[in-house]
Amino acid sequence: MAKQTKITKSARGEDCTLMLGNCSSNETVVLCHIGKNRGMGIKCGDHFAVYACSNCHDVIDGRAPALYGYEMIDSAKLTALERTQQKLIDKGLLCLK
């Protein structure tokens, strides 16, 4: 199991920031890594992650079919990254110096 960081734990109870359609409950929201340096057993940094419900996480990880094309999904990832990072800044978990 992956190490639970403060940022990873911060996803609990949050709303999904991806909103790719058919979002599941905020009880299923986890930190979903979206950076290019990821794959089976490889994760990018927590600063390239979004709050995602289980349904949206399944789409991003390829476990479920996407309702939208890649361009729309990439746009949703960027919007979600902006929303998630602002939440992390507000919580004091991501600092800009």
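Bear in mind these aren't lab numbers, they're just calculated from the coordinates by the rules spelled out. Only a predicted model underlies this, so the values are computations on that prediction, with no experimental measurement involved.
The mean sequence distance of close C-alpha pairs (under 8 Å, at least 6 residues apart), as a share of the length of segment 6-90, puts its relative contact order at 32 percent.
In the set (1) 102; (2) 84; (3) 143, the label that goes with volume of the Cα convex hull per residue in Å³ computed for this structure is (1).
How large is the helix-only mean residue ellipticity at 222 nm for the chain, computed as the sum of -39500 (n - 2.57) over DSSP H runs with n ≥ 4, divided by its residue count, in deg cm²/dmol to the nearest 500? Intermediate values should be presented prior to the final figure.
Working: 3 runs with 32 residues, N = 97.
Taken over the chain, the calculation gives -10000 deg cm²/dmol.
Computed from Cα positions, the angle between helix 70-90 and the longest principal axis of the chain comes to roughly 20 degrees.
The alpha-carbon of Lys91 sits under 24 angstrom from the alpha-carbons of these lysines, leaving out residues fewer than 8 places away in its chain: Lys3, Lys6, Lys9, Lys43, Lys77.
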